[in-house]
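Chemist: Just passing along the structure, written as structure tokens.
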Amino acid sequence: MQQDHKRTLITTALPYANGPVHIGHLAGVYVPADIYARFLRLRGEDVLMIGGSDEHGVPITIKAREEGVTPQDIVDRYHAIIRDSMKELGITFDIYSRTTSDIHRHTASEFFRHLYDQGKFVVKTSEQPYDAEAGEFLADRYVAGTCPHCGKEAYGDQCEACGSSLSVTDLIDPHSRLTSAPVSWRETTHWYLPLQDYEQALRKWILDGHREWKTNVYGQCKSWLDMGLQPRAVSRDLKWGVPVPVEGAEGKVLYVWFDAPIGYISNTKELLPDSWEKWWKDPETRIINFIGKDNIVFHCIVFPAMLMAYGDGFQLPDNVPANEFLNLEGDKISTSRNWAVWLHEYLRDFPGRQDTLRYVLTANAPEAKDNDFTWADFQARNNNELVAILGNFVNRATVLTHKYLGGTVPAAGELTDIDRTMQREVAEASARLTEALSTFHFREGLREAMEIARIGNRYLQETQPWQLAKTDTARMETVLNLSLQICANLAIAFTPFTPFAASRLAAMLRLGDLSWNQLGSFDIVAAGIEIAQPELLFEKIEDEAIQRQTERLEEIKRTNKLKAWRPEPQAPDIDIDTFDRADIRVGTVLECTKVPKADKLLRFSIDDGTGTPRTIVSGIAQHYAPEELVGKQVCFIANLPPRKLKGIESQGMILSAASAGGKLVVIGPTGAVSPGSQVK
């Protein structure tokens, strides 16, 4: 529950440095965190926003093995890509560091050692999956097998195809991803944090003290607590990570979910070596963790239990506003399938359009349920909202000021009922916007910010200053003054959401430092100053740019289909006599035409060596144009009973093979043979 506080510490989930960040990461964590940080800064609050790359863990070592490089090579590459692309998007970290830094290794080691020395761990020996060929224990992600639920390939912790959570023992025929050897089992010893020792304290803190948390966060925490907490391992048998800092722990590292959240502390230490403790241990600091829903248990159960175990005044988060998942064009975003919109590629393909992506991801944010990003919606929101509503109003107000007043801001005269109604509506929308941002409802807040622009457009339509310029100059000046004040309100309201456009608008209006306290007021732009020449805040996105993106996704779909292709299971055995009864022959295609009113059917006239052409109807029209097949030799089963298809008697079946891409390929001899020849 929110208390009075002097400062706010914002942390963002640490992305794995085994690839770039995509729109799912941005919508779930980084854009909402930046909106909140910018909002608090505009209110004059003391804010720190901490981020960094998670550079340990199995996904990184897998990527390194695949590329034949070291894990350090992988994290160096992707840390730079992530850091630079987030900065270009306008994510305002006070520090964006990494978990391979010296200060992090020291901090994580000290954290473990402190708990170890205080007797907070339990030691357990158990059998773990092992690759005898590689001589290594296998983390969950190093194990693959068949999912027992959907029958597709899955990892030892999850099936990406159907989304089921799994363990290695659930998999059918589990094998090592290192060598493809079957999984064996060996005993190993690890340190565990007994979460059950902190269950009552966690219940009191979450279930009694934070009923205001988002439903998905509160509900998931309650579910875990109601099931009863179990000890959780904090070490792993791996070569890449922070070494376990005790004797007898050779070849063991800190489990990434113990190591990574300590990165919030170590990154703060790196930024503020002399004053970091006030951000973590002062009760007047409010801590907010922005995460995705897959990280809820670690940030609400495991990490708080670690902080409780450590003691020494570490404060627990005041809120953990986790979002749901963002899908892409109706399909789950997947790094392994390359089914994503990658931030660094977006910035290359849409230069100068950082605000559009921020806007669309916020307008479509998966705050309460999974949501979907589509390129059509991206284009529509840019053209129909940013251009046609926000940009249109600002352009009209500033252009009219230059047209009739030479760009000089006029003084406001006596107000009418229309003016006062407009001011009240702006003030009310501003209040709703403030409430929405204060309670982490960023999508709702964006709607209220855009409502101010809608109010402005309605106001201009009602007052028509272009007509007043002919009949009532004083009234026109009042209308334009108030319109420019609405523009100033928009510069403030949109700073958290579209900071680049908001900054350009503030510069156009010759505004100095903005404050959230000014929002809703109508004396922001001083009368008598000359505003800058109008410039368009947003430009339309043309169909060609969207088509390039959709074509790229279609190509990725085709590639993934090829990669995922597996042969159909072999049919049951038959004896040789059964096979011999099938009379397979070679024929030459004389004619081939589409069957009317049948999308899949082609009608063949085939020279089968008998002197009388044979008619065969085959369902391959979606794979071949008829003219492609004329003159080709094909294999067909000659002794099937005739059957009618769309009123045509088909006298056999042409043989074809289903390729990995789903295309049917007609089977024929590699060299010319006489029509009617039997296939032996």
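The values are calculated or read from the model by the stated rules, or taken from the named source; none is laboratory data. Only a predicted model underlies this, so the values are computations on that prediction, with no experimental measurement involved. Note that we place each Cβ from the backbone using ideal geometry, even for glycine, and neighbour counts take in every protein chain shown. Just the protein is used for accessible areas: all its heavy atoms, side chains included, with ligands, DNA and RNA removed. Shrake-Rupley method; radii C 1.70, N 1.55, O 1.52, S 1.80 Å.
Chemist: Of all beta bridges DSSP finds with both residues in the chain, what is the antiparallel percent, to the nearest 5?
Modeler: 70 percent
Chemist: Let me ask something else about it. Please report, as a whole percent, how much of the solvent-accessible surface of the range 1-111 comes from carbon and sulfur atoms (probe radius 1.4 Å).
Modeler: Carbon and sulfur together cover 47 percent of it.
Chemist: So which DSSP H runs in the chain come out at 20 Å plus along the axis (Cα) with average Kyte-Doolittle of at least 0.5?
Modeler: Helices passing the filter in the chain: 473-493.
Chemist: In terms of Cα to Cα distance under 16 Å, which lysines are near enough to residue 597, apart from those fewer than 8 places away along the same chain?
Modeler: Output for residue 597: 644, 646.
Chemist: Can you tell me the order of 232-245, 612-625 when each peptide is scored by its average per-residue count of other Cβ atoms within 10 angstrom, highest first?
Modeler: Per-residue Cβ counts within 10 Å, averaged per peptide and sorted highest first, yield 232-245, 612-625.
Chemist: Can you give me the C-alpha center-to-center distance between the range 215-293 and the range 338-417, rounded to a whole angstrom?
Modeler: Using only Cα atoms to place each centre, the spacing works out to 38 Å.
Chemist: Separate question: How high is the relative contact order of the range 376-503? Use alpha-carbon pairs under 8 Å, at least six apart in sequence, and give a whole percent. Spell out each step's value before the answer.
Modeler: On the way: 109 pairs, mean separation 40.5, N = 128.
In percent, rounded to a whole number, it is 32.
Chemist: Binning at 10 angstrom from zero up to the longest distance, how are the C-alpha pair distances of the range 561-624 distributed in percent?
Modeler: Spelled out per bin, shortest first, that is 17, 28, 32, 23, 1.
Chemist: Given R₀ = 41 Å, FRET efficiency for residue 415-residue 95 by Cβ-Cβ distance, to 0.05?
Modeler: My answer for the efficiency is 0.30.
Chemist: Which order do the peptides 428-441, 29-42, 344-357 come out in when sorted by mean C-beta neighbours inside 10 angstrom, highest first?
Modeler: Ranking the peptides 428-441, 29-42, 344-357 by packing returns 29-42, 428-441, 344-357.
Chemist: OK, next. Give me the number: length gained by fully extending residue 133 to residue 281, i.e. 0.36 nm times residue separation minus the C-alpha to C-alpha distance, one decimal in nm.
Modeler: Between residue 133 and residue 281, full extension yields an extra 48.5 nm.
Chemist: Something else now. Looking at the chain, what % of the alpha carbon pairs are farther apart than 36 Å? Intermediate values should be presented prior to the final figure.
Modeler: On the way: 127249 of 230860 pairs.
The answer is 55 percent, as a whole percent.
Chemist: With the crude spin-label approximation of a point 7 Å out along Cα→Cβ, what separation in nm comes out for residue 473 versus residue 372?
Modeler: 5.7 nm
Chemist: Along Cα→Cβ, 7 Å out, is where each label goes; now give me the distance between the ones at residue 560 and residue 547 in nm to one decimal.
Modeler: Distance between the two pseudo-spin positions: 2.4 nm.
Chemist: Using Cα positions and a limit of under 21 Å, work out the lysines in reach of residue 403, with same-chain residues fewer than 8 apart set aside.
Modeler: List returned: 470.
Chemist: While we're on this one: Expressed as a whole percentage, what fraction of the accessible surface of the range 543-630 belongs to carbon and sulfur atoms when a 1.4 Å probe is rolled over the protein heavy atoms?
Modeler: Reported share for carbon and sulfur atoms: 51 percent.
Chemist: Given the Cα-Cα distance of residue 615 and residue 87 and 0.36 nm per residue of separation, how much length would full extension add, in nm?
Modeler: Answer, rounded to one decimal: 183.4 nm.
Chemist: Can you give the calculated 222 nm mean residue ellipticity of the chain, where each DSSP H run of n ≥ 4 adds -39,500 (n - 2.57) and the sum is split over every residue, rounded to the nearest 500 deg cm²/dmol?
Modeler: Estimated from H runs of four or more residues: -11500 deg cm²/dmol.
Chemist: Could you calculate the contour length gain from residue 402 to residue 67, that is, 0.36 nm times the residue separation minus the distance between their Cα atoms, to one decimal place in nm?
Modeler: On the way: separation 335, 0.36 × 335 = 120.60 nm, distance 5.91 nm.
That works out to 114.7 nm of additional length.
Chemist: Which whole-number percent gives the relative contact order of the chain, counting Cα pairs below 8 Å spaced six or more residues apart?
Modeler: 12 percent.
Chemist: Continuing with the same structure: Divide the volume of the convex hull of the Cα atoms of the range 86-150 by its number of residues and quote the answer in cubic angstrom per residue.
Modeler: Spelled out: Cα convex hull of the range 86-150, divided by residues, is 267 Å³.
Chemist: When the dipole is taken about the Cα centre of the chain, and only Lys, Arg (+1) and Asp, Glu (-1) are charged at their Cβ, what size is it in debye, to the nearest 20? List each step's numbers first, then the result.
Modeler: Details: 74 positive and 91 negative charges, 250 e Å.
The dipole magnitude comes to about 1200 debye.
Chemist: Where the accessible area of the range 293-432 is counted over protein heavy atoms with a 1.4 Å probe, how much of it, in %, is carbon and sulfur?
Modeler: The computed percentage sits at 48.
Chemist: In addition: Roughly how many Å is it from the Cα centre of the range 136-197 to that of the range 466-540, as a whole number?
Modeler: Answer, in whole Å: 59.
Chemist: At 7 Å along the Cα-to-beta-carbon direction for both residue 153 and residue 431, put a label point, then send me their distance in nm to one decimal.
Modeler: Distance between the two pseudo-spin positions: 5.9 nm.
Chemist: Something else now. In Å², and per residue, what accessible area does the chain have when probed at 1.4 Å with the other protein chains present?
Modeler: Details: 30910 Å² over 680 residues.
I get 45 Å² per residue for the chain.
Chemist: Same structure, new question: Can you list the lysines whose alpha carbon is less than 29 Å from that of residue 120, not counting same-chain residues fewer than 8 positions off?
Modeler: 204, 222, 239, 252, 269, 278, 281, 293
Chemist: Could you work out the relative contact order of the range 189-295, using alpha carbon pairs under 8 angstrom and six or more residues apart, expressed as a whole percent?
Modeler: It comes to 22 percent, rounded to a whole number.
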